[in-house]
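The values are calculated or read from the model by the stated rules, or taken from the named source; none is laboratory data. What you see is a predicted model; the values in this text were computed from it and never measured. Note that we place each Cβ from the backbone using ideal geometry, even for glycine, and neighbour counts take in every protein chain shown.
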Amino acid sequence: MATELHIYNSLTRKKETFRPLNPPFTGLYVCGPTVYGDAHLGHARPAVTFDLVFRYLRHLGYKVRYVRNITDVGHLESDADEGEDKIAKKARIEQLEPMEVVQYYSDRYHADMEKMHVLKPSIEPRASGHIIEQIEMVKAILEAGFAYEINGSVYFDVQKYNQQFHYGKLSGRSVEEMLSSTRDLDGQEEKRHPADFALWKKATPAHIMRWPSPWGEGFPGWHLECSAMSARYLGETFDIHGGGMDLLFPHHECEIAQSNATFGKDSAQYWMHNNMITIEGQKMGKSLGNFITLREFFNGNHQKLERAFHPLTIRFFILQAHYRSTLDFSNEALEAAEKGLKRLWQAMDTLNNLPAGNASDTDVASLADKCYAALNDDFNSPVTLSYLFDTIRTINAVKDGHESLTQESIDNLKQVFKTFVIDIFGLGEPENGPSDNDQELINGLMSILLDIRQQARKNKDWDTADKLRDSLQKLNITVKDGKDGASWEITK
RNA sequence: GGUCUCGUGGCCGAGUGGCUAGGCGGUGGUCUGCAAAACCAUUUACAGCGGUUCGAAUCCGCUCGAGACCUCCA
């Protein structure tokens, strides 16, 4: 049973015991979104994955500084010189100021994240706010001799770097391979080597987002921002760097190179990569155009969606798979997730009203240990959930009088469920219903209606009873007849 | 073409040398005026072929299939 946290490190390709550099402080950096469109399901994966990491580390007592950037500049359409900045392109199309685009989509991103119970990071820096840091880093790399300037742009000299360091250590590639396999792209004649990448790009006259620099007006390269901002807020070396698997190469490989070129050492100890979400067996991504935005999931407004799904269903769906596995989207899978989540919520409800017995038939004390062991094993959320679901069977058995639990056991379970479901998994049932006053009123009215219906049922006046039930159903209120009278629930 | 990952029951998904996660669906049942909901029980599996082993879904090899990265992508 793992009592210490183990993390799969992409850099070493194995699970390692987590040992922060300066406990209890822990630094976590995750590559955030480029805000030029609404976030889609794929974006939810790293957000939820690293939200779990953030929550769990905090739960374990670490003082976590979680930095997740917003890319608002420097992210080119292609790596070639002629590439257009994604933000600027969107701004041009929509006739907006680039920062207007950034603000608009950042706000929407935040709203989506909040609905999915993704906690805000400790710091959410924007690339455009750290131009100075990036210029300083370019200077340092130039001084160290690992970059060259040409026509107002600065490129990282991969070959030279590779003589002293290992370019490709993260992605398992060699520079020689890259030479032979790199495709020919237009506009690369400036580079000395196809694998070289831009640290600073000269702005063409048409380029809107530009800043002065020692090399003339331009803008920073995409890979640079994460290196500069992580160093700024977490130091030259820090604990965990996360992101999607598709960023492993070249983005993270370049980050490692930049850090080594600047500071002579790797930035992050542990590299974590979440796997992709697929749709019909293929990666869901911007370039393939097969993505469904989170908003579309929330309102059901997409051709491929049979209906809307609650934000927390999306969250549960993601947590039900291990973060390093691909996860295939389908309506059926989401419906299954929705029902599973409901079962979880219902059990927690049941737990609050469970009658205590004199003895416990089932040992529930080990539940917490098992859950911790699963999470300590590289954040294995699906196994943790399976333990909780096993326990739900016991909870229901107690409710039905088939088994019994002592008050102590029940309190223990309440604590464990709260800890894991709400605190760590962030799956607390939302109370987005009416305010307390309104709720009291509704409860009172419902109680009157159900009384009337009960009376009708007693009189075998099925017409009245069913009419009441059907009318309430139209208001999305489901009446459930049970042994001890009827209960109701607002569905939707 | 290169690098890598993966192929688990109707579906989604864990596990990873022996003790058959879990969810959803299906089926049977409890409850019920009926229904719904809920609950209980139950069902089928490890792509194929070889090898290692007392024993493999789990290790090795091959075959077939899928995907990711190599270009922007979470």
Q: Hey, could you check the range A:391-411 for residues that are within 9 Å of RNA strand B (Cβ to nearest atom) and part of a helix (DSSP H, G or I) and say which is surrounded by the fewest Cβ atoms within 10 Å (Cβ to Cβ)?
A: A:393
Q) Which numbered condition trips up residue A:342, out of (1) in contact with a strand residue (DSSP E or B) (Cβ under 7 Å, 6 or more places away or on another chain); (2) within 30 Å of residue A:419 (Cβ to Cβ); (3) within 11 Å of RNA strand B (Cβ to nearest atom); (4) not polar (S, T, N, Q)? A) (1)
**Q.** Subset of the range A:321-366 [of a type in the set (S, T, N, Q) and either modelled with pLDDT of 95 or more or buried (at least 20 other Cβ atoms within 10 Å of the Cβ) (or both)]
**A.** A:360
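Does the range A:279-291 hold any residues that are in contact with a strand residue (DSSP E or B) (Cβ under 6 Å, 6 or more places away or on another chain) and more than 6 Å from RNA strand B (Cβ to nearest atom), and which are they?
Our first condition is that a residue be in contact with a strand residue (DSSP E or B) (Cβ under 6 Å, 6 or more places away or on another chain); within the range A:279-291, this holds for A:279, A:284, A:290-291.
Of everything in the range A:279-291, those that are in contact with a strand residue (DSSP E or B) (Cβ under 6 Å, 6 or more places away or on another chain) and more than 6 Å from RNA strand B (Cβ to nearest atom) turn out to be A:279, A:290, A:291.
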Q. So which of A:398, A:364, A:421 ends up being over 19 Å from residue A:4 (Cβ atoms) and within 24 Å of the chain's Cα centre (by Cα)?
A. A:421
Q.
Take the conditions under 26 Å from residue A:17 (Cα atoms), in contact (Cβ under 8 Å) with a residue 60 or more places away in the chain and under 19 Å from the mean Cα position of the chain (by Cα) and apply them to residue A:248. Does it pass?
A. yes
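Return yes or no: is residue A:420 more than 30 Å from residue A:475 (Cα to Cα) and more than 10 Å from RNA strand B (Cβ to nearest atom)?
Values: more than 30 Å from residue A:475 (Cα to Cα): yes; more than 10 Å from RNA strand B (Cβ to nearest atom): yes.
So residue A:420 fits the description; yes.
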Q | Residue in the range A:186-204 that is over 29 Å from residue A:288 (Cα atoms), at pLDDT 90 or above and either out of contact with any helix residue (DSSP H, G or I) (no Cβ under 8 Å at 6 or more places or on another chain) or in a loop (DSSP other than H, G, I, E, B) (or both) present | A | yes
Q: List the number of the failed condition for residue A:253; all other conditions in (1) near RNA strand B (Cβ under 10 Å from one of its atoms); (2) surrounded by fewer than 19 Cβ atoms within 10 Å (Cβ to Cβ); (3) of a type outside the set (Gly, Ala, Ser) hold.
A: (2)
Q: Look at the range A:296-320 and say how many of its residues are surrounded by 18 or more Cβ atoms within 10 Å (Cβ to Cβ), more than 11 Å from RNA strand B (Cβ to nearest atom) and hydrophobic (A, V, I, L, M, F, W, C).
A: 5
Q: Report yes if some residue within the range A:351-368 is in contact (Cβ under 8 Å) with a residue 12 or more places away in the chain, near RNA strand B (Cβ under 8 Å from one of its atoms) and in a helix (DSSP H, G or I); otherwise report no.
A: no
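Give A:279, A:292 a once-over and let me know the one that is over 19 Å from residue A:323 (Cβ atoms) and β-branched (Val, Ile, Thr). Can you show your working first?
Working: A:279 fails: over 19 Å from residue A:323 (Cβ atoms).
The unique qualifying residue is A:292.
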Q. What are the residues in the range A:256-274 that are within 18 Å of the chain's Cα centre (by Cα) and more than 14 Å from RNA strand B (Cβ to nearest atom), if any?
A. A:270
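Can you pull out every residue in the range A:196-250 that is hydroxyl-bearing (Ser, Thr, Tyr) and within 16 Å of RNA strand B (Cβ to nearest atom)?
Going residue by residue through the range A:196-250, those that are hydroxyl-bearing (Ser, Thr, Tyr) are A:204, A:213, A:227, A:230, A:233, A:237.
Within the range A:196-250, A:227, A:230 meet the criteria.
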Q. Would you pick out the residues in the range A:292-326 that are more than 21 Å from residue A:426 (Cα to Cα) and part of a loop (DSSP other than H, G, I, E, B)?
A. A:292, A:300, A:301, A:302, A:303, A:304, A:305, A:306, A:307, A:326
Q. Condition test on residue A:414, is it away from RNA strand B (no atom under 14 Å from the Cβ), closer than 15 Å to residue A:349 by Cα and surrounded by 14 or more Cβ atoms within 10 Å (Cβ to Cβ)?
A. yes
Q. If a residue has to be under 24 Å from residue A:66 (Cβ atoms) and surrounded by fewer than 20 Cβ atoms within 10 Å (Cβ to Cβ) to count, how many in the range A:203-235 make the cut?
A. 3
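Condition first: at pLDDT below 80 and either part of a strand (DSSP E or B) or among the aliphatic types (A, V, I, L, M) (or both). Now tell me which residues in the range A:467-485 satisfy that. Walk me through it before giving the result.
As a first pass, look at the range A:467-485 and keep what is at pLDDT below 80: A:476, A:482-485.
Hits for the range A:467-485 are A:482, A:485.
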